[in-house]
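Here the structure is laid out as structure tokens; the discussion comes afterwards.
The values are calculated or read from the model by the stated rules, or taken from the named source; none is laboratory data. Not measured: the values here are computed from a predicted model. Virtual Cβ from ideal backbone geometry, glycine too; neighbours counted across all protein chains shown. These accessible areas exclude ligands, DNA and RNA; they are computed on the full protein's heavy atoms, side chains included. Shrake-Rupley method; radii C 1.70, N 1.55, O 1.52, S 1.80 Å.
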Amino acid sequence: QVQLVESGGGLVQPGGSLRLSCASSGIIFSRYGISWYRQAPGKQRDFVARVTSGGSTNYADSVKGRFTISRDNTKNTVYLQMNSLKPEDTAVYYCNVEHQGRPYWGQGTQVTVSS
């Protein structure tokens, strides 16, 4: 059974940093690309960043230069380092994997950027 578990969210002041983690099980982790999405209250879930099985990355324009996605295949974990956080980054952050034609999501972790 595929499982994704996010952690690392919290309350941070504007300009601060957080590192989110997404731990996976039930898949051969190294073979899969993993993505981060976020959903603010009353808004749709939006793409944030993705790392492929080979380590290539891509980002939403809104986070380029501030966020860094990485993976550790020895720990079956993907990270999202978030720097220079802004109030508009406030959202629930989810990780995602596509496995056998269907998407899997974690339960999400709340990030709140506020003074």
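Just a few scattered comments:
- Taken over the stretch 40-62, the criterion of being surrounded by 15 or more Cβ atoms within 10 Å (Cβ to Cβ) and basic (K, R) is satisfied by R45, R50.
- Under the condition of being under 25 Å from S62 (Cβ atoms) and open to solvent by 60 Å² or more (accessible area, probe 1.4 Å), the residues counted in the stretch 18-38 number 1.
- Scan of the stretch 63-72 for residues that are loosely packed, with under 14 Cβ neighbours inside 10 Å and either in contact with a helix residue (DSSP H, G or I) (Cβ under 6 Å, 6 or more places away or on another chain) or more than 22 Å from S30 (Cα to Cα) (or both), ordered by number: K64, G65
- Cβ-Cβ contacts under 7 Å between residues 6 or more apart (or on different chains), taken from a first residue in the stretch 29-47 that is assigned to a loop (DSSP other than H, G, I, E, B) to a second residue that is surrounded by 15 or more Cβ atoms within 10 Å (Cβ to Cβ) and small (G, A, S), are listed as A40/A91.
- Filter result for the condition that a residue is buried (at least 16 other Cβ atoms within 10 Å of the Cβ), in contact with a strand residue (DSSP E or B) (Cβ under 9 Å, 6 or more places away or on another chain) and in contact (Cβ under 8 Å) with a residue 40 or more places away in the chain, over V12, V5: V12
- Annotation: R19 fulfils all but one of (1) out of contact with any Gly (no Cβ under 8 Å at 6 or more places or on another chain); (2) at pLDDT 95 or above; the unmet one is (1).
- A single member of S24, S35, S7 is of a type in the set (S, T, Y), closer than 19 Å to V113 by Cα and modelled with pLDDT of 95 or more, and it is S7.
- Subset of the stretch 52-85 [farther than 22 Å from G42 by Cα, without any contact (Cβ under 8 Å) to a residue 60 or more places away in the chain and part of a loop (DSSP other than H, G, I, E, B)]: T52, S53, G54, G55, S56, K64, G65, R66, N73, T74, K75, N76
- Selected residue (criterion: surrounded by the fewest Cβ atoms within 10 Å (Cβ to Cβ)) from residues of the stretch 86-115 that are of a type outside the set (G, A, S), out of contact with any Asp or Glu (no Cβ under 9 Å at 6 or more places or on another chain) and part of a loop (DSSP other than H, G, I, E, B): Q100
- Subset of the stretch 73-85 that is at negative phi and among the polar types (S, T, N, Q) - its residue that is least open to solvent (accessible area, probe 1.4 Å): T77
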